[in-house]
Amino acid sequence: MGQKPQNRRETGSRYEQVAAEYLRGQGYEIVECNFRDRFGEIDLVAREGVYLVFVEVKYRRDIKSGYPEEAVSARKQQKIRRTASWYLYRRGYKQDVPCRFDVVSIVGEEIFLMRDVF
């Protein structure tokens with residue numbers, strides 16, 4: 001995966017791009033990267049079939065400090081839900097659009113996709 005990133009934001013952006021490429025390979029269509037608003041941030045917004053999918057990407061070099069997906073706490077999930085609601089409103093989606101929340105967990109060079117996590 002190339003050159004070593006220099007800071008957390010750069011690392012996050014790099015692995016969000018890795019996750020986006022992986023998801024494309026899994027049949028997802030990436031709609032938007034790094035949606036930000038006053039409520040928070042959503043790493044990736046994608047479509048898979050009829051679903052609009054909000055994707056949280058977490059990376060760890062190794063599991064010494066825990067698995068990446070463990071960082072998606074109940075508080076973080078609530079923040080993502082609130083941001084997703086605002087995203088739907090801002091982008092003009094109807095309230096009945098089927099949505100789900102996935103997590104892409106990257107440990108070193110391994111990528112794990114967890115669908116419909118919360």
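Derivation of every value follows stated rules applied to the coordinates shown; laboratory data play no part. Bear in mind the structure is a predicted one, so any value in this text is a computation, not a measurement. FYI the Cβ positions are ideal-geometry reconstructions off the backbone, even for glycines, and counts take in every protein chain you see.
Using a Förster radius of 35 Å, what is the FRET efficiency between residue 97 and residue 7 based on their Cβ-Cβ separation? Nearest 0.05, please. Walk me through the intermediate numbers first.
Details: r = 35 Å, r/R0 = 1.01.
In this case the efficiency is close to 0.50.
If you take the alpha carbon radius of gyration of the chain and divide it by 2.2 N^0.38 Å, what ratio comes out, to two decimals?
Values: Rg = 14.0 Å, N = 118, 2.2 N^0.38 = 13.5 Å.
In units of the 2.2 N^0.38 Å rule of thumb, it is 1.04.
Which shape class, rounded, prolate or oblate, goes with the stretch 2-59 when its Cα gyration tensor gives a ≥ b ≥ c as root eigenvalues, a/c under 1.5 marks rounded, and past that a/b bigger than b/c marks prolate?
It is oblate, given that a/c is not under 1.5 and a/b is not larger than b/c.
Using the beta-carbon distance between residue 70 and residue 24 and R0 = 25 Å, what value does 1/(1 + (r/R0)^6) give for FRET efficiency, to the nearest 0.05?
Working: r = 26 Å, r/R0 = 1.04.
Given R0 = 25 Å and the Cβ-Cβ separation, E is 0.45.
So which trypsin sites (Lys or Arg not before Pro) in the stretch 10-47 pass both tests, a DSSP loop state and at most 12 other Cβ atoms within 10 Å of the Cβ?
Details: sites: 14, 24, 36, 38, 47; in loops: 38.
Here the trypsin sites (Lys or Arg not before Pro) that fit, given the DSSP loop and packing criteria, are 38.
Between residue 78 and residue 90, 0.36 nm times their residue separation minus their Cα-Cα distance comes to what? Spell out each step's value before the answer.
Details: separation 12, 0.36 × 12 = 4.32 nm, distance 1.84 nm.
Extending this stretch completely gives an extra 2.5 nm.
Mean residue ellipticity at 222 nm from the helices of the chain, using -39,500 (n - 2.57) per DSSP H segment of n ≥ 4 over the full residue count, to the nearest 500 deg cm²/dmol? Could the numbers behind the result be given before it?
On the way: 2 runs with 35 residues, N = 118.
Value at 222 nm, helices only, nearest 500: -10000 deg cm²/dmol.
Please report the relative contact order for the chain, taking Cα pairs under 8 Å with a sequence separation of at least 6, and give it as a percent rounded to a whole number. Provide the component values of the computation, followed by the final result.
Working: 176 pairs, mean separation 27.6, N = 118.
Computed over the chain, the figure is 23 percent.
Determine the sum of side-chain charges near residue 57: Lys and Arg each +1, Asp and Glu each -1, restricted to other residues whose C-beta is under 11 angstrom from that of residue 57. Before the final figure, lay out each step's value.
Details: positive: 14, 58; negative: 16, 41, 43, 56, 69, 102.
So the surrounding residues net to -4.
Please work out the ratio of the alpha-carbon Rg of the stretch 44-94 to 2.2 N^0.38 Å and round it to two decimals. Kindly include the intermediate steps, with their values, before the conclusion.
Details: Rg = 13.6 Å, N = 51, 2.2 N^0.38 = 9.8 Å.
Dividing the Cα Rg of the stretch 44-94 by 2.2 N^0.38 Å gives 1.39.
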